[in-house]
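S.K.: Just dropping this structure here.
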Amino acid sequence: GVPWAVWVWTSNIREAGTDAGVFIQLYGEKGTSRILELDNAADNFERGELDKFQIKLEDIGRPYKLRVWHNNSNAFSGWHLDKIRAGNLSTGEKFTFRCAQWLSRTDGDREIVREVPAIQPGSQPLPVLEYSVAVHTADCRAAGTDANVYICLVGSRGDTGRRDLLFSAEHRNKFERGQVDSFKVLAVSLGQLKSVVIGHDGSKLGSDWKVEKVVVSLPDGTTFIFPCDKWLKKSGSSDCEVVLLPQEDVISAGRSRQNKPLAVSFCFLQMIENSH
């Protein structure tokens, strides 16, 4: 592996520190790193402190974004991250990722995942975009779910990773029959949207869920429709998820593949969805 140094600055504001488990993933020109937990002391990530880590990464080339999150594992999990710097110890190159935001279920926008573009002298950092995600639950008997739902947007430039859909703009009780629930997903620009992975953990009674479609809108008004019209039913211990293609692709793919399995793989999962 390639040796890297990682420096993490926790902000110097009230209650900025966290005791939760902190994780990062780097996206580079040559690929994506594995998920890394940053943990080398009992008191990492205290208010106003700098924590240093040495890690070994796959050869991902020059990174263009970093995703950072925590596992919200205790009552004092909220974290205000100032910035992260990553240095390739082989080439001497350093990349800065400025956050200056809460990763907290109680502060700010209540999100605990952040994507930050790489800043390096002489190159323009990629923009962070707000993707609006509207999830349409089918209007048929028992279509709704109380399970924990998540999504991953996949583009020509990486993906968002798994994002829990917790705070619907419209409804306190999410994903009920015939309902549309909207969410914001903040991510470094994904380029052209290719697919969406949506799923749930099968928790709670009657978790089976019928999704009509997912609609993703970009800040410039571009809209992608991902038809589904499928039940997401729990089987065994694995989460129940499906890979959706945008409408135009669904039509062309349907003609060409004639019910062959569609294989999709990326950073956090490898799965095959059989077309029915």
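S.K.: Ranked highest first by the average count of other Cβ atoms within 10 Å around their residues, in what order do 160-172, 94-106 fall? All intermediate terms of the calculation are to be shown ahead of the outcome.
M.R.: Working: 160-172: 15.8, 94-106: 18.2.
Answer by packing, highest mean first, reads 94-106, 160-172.
S.K.: Let me ask something additional. With each run of n ≥ 4 DSSP H residues scored as -39500 (n - 2.57), what mean residue ellipticity at 222 nm is computed for the chain after dividing by its residue count and rounding to the nearest 500 deg cm²/dmol? All intermediate terms of the calculation are to be shown ahead of the outcome.
M.R.: On the way: 1 runs with 11 residues, N = 276.
So the calculated ellipticity at 222 nm is -1000 deg cm²/dmol.
S.K.: I would also like to ask the following. What is the Å³ per residue value for the convex hull set by the Cα atoms of the range 48-159?
M.R.: Numbers: hull volume 20.0 nm³, N = 112.
About 178 Å³ per residue, rounded to a whole number.
S.K.: Can you give me the accessible area per residue for the chain, using a 1.4 Å probe, in Å²? Working shown, then result.
M.R.: Details: 13830 Å² over 276 residues.
In whole numbers, the chain has 50 Å² accessible per residue.
S.K.: Calculate the all-directions average of the projected area of the range 139-222's alpha-carbon convex hull, and give it in nm².
M.R.: Result: a mean projected hull area of 5.7 nm².
S.K.: Highest first, please rank the peptides 137-146, 112-121 by the mean number of other Cβ atoms sitting within 10 Å of their residues. Walk me through the numbers on the way to the answer.
M.R.: Numbers: 137-146: 16.6, 112-121: 19.0.
Highest to lowest by the protection proxy: 112-121, 137-146.
S.K.: Roll a 1.4 angstrom probe over the protein heavy atoms and tell me the percent of accessible area of the chain that is carbon or sulfur.
M.R.: 46 percent
S.K.: Of all the Cα-Cα pairs you can form in the range 1-66, what percent are over 13 Å apart? Could the numbers behind the result be given before it?
M.R.: Values: 1423 of 2145 pairs.
When all Cα pairs of the range 1-66 are counted, 66 percent exceed 13 Å.
S.K.: Taking θ = phi - 60°, what integer Hz values does the Karplus form 6.51 cos²θ - 1.76 cosθ + 1.60 yield along the range 82-92, in sequence order, with x for Gly and Pro?
M.R.: With coefficients 6.51, -1.76 and 1.60, one gets 7, 6, 10, 10, 10, x, 7, 6, 7, 9, x Hz.
S.K.: So how tilted is helix 247-257 from the main axis of the chain? Cα-based, degrees 0 to 90, rounded to 10.
M.R.: Around 70 degrees separate the two axes.
S.K.: Taking a 22 Å limit on the Cα-Cα distance, which of the listed pairs LYS83/LYS174; LYS56/LYS83; LYS65/LYS210; LYS30/LYS184; LYS204/LYS233 fall beyond it?
M.R.: Values: LYS83/LYS174 34 Å; LYS56/LYS83 20 Å; LYS65/LYS210 34 Å; LYS30/LYS184 28 Å; LYS204/LYS233 12 Å.
Going by Cα-Cα distance, LYS83/LYS174; LYS65/LYS210; LYS30/LYS184 fall outside the 22 Å limit.
S.K.: Now for a different question. Apply the a/c threshold of 1.5 to the C-alpha gyration tensor of the range 90-137 and tell me whether it is rounded, prolate or oblate. Provide the component values of the computation, followed by the final result.
M.R.: On the way: a/c = 3.08, a/b = 1.85, b/c = 1.66.
It is prolate, given that a/c is not under 1.5 and a/b is the larger ratio.
S.K.: Kirkwood-based Rg over Rh for the chain (C-alpha set), two decimals? Numbers along the way, then the final one.
M.R.: Details: Rg = 19.6 Å, Rh = 20.0 Å.
Dividing the radius of gyration by the Kirkwood radius yields 0.98.
S.K.: Quick one: grab the alpha carbon gyration tensor of the range 29-111, order the square roots of its eigenvalues as a ≥ b ≥ c, and give me rounded if a/c is under 1.5, else prolate or oblate depending on whether a/b is larger than b/c.
M.R.: On the way: a/c = 1.98, a/b = 1.72, b/c = 1.15.
Since a/c reaches 1.5 and a/b is larger than b/c, the shape of the range 29-111 is classed as prolate.
The values are calculated or read from the model by the stated rules, or taken from the named source; none is laboratory data. None of these values were measured; they are calculated from a predicted model. Virtual Cβ from ideal backbone geometry, glycine too; neighbours counted across all protein chains shown. The protein model used for the area step is the full one, side chains on, heavy atoms only, and it has no ligands, DNA or RNA in it. Shrake-Rupley method; radii C 1.70, N 1.55, O 1.52, S 1.80 Å.
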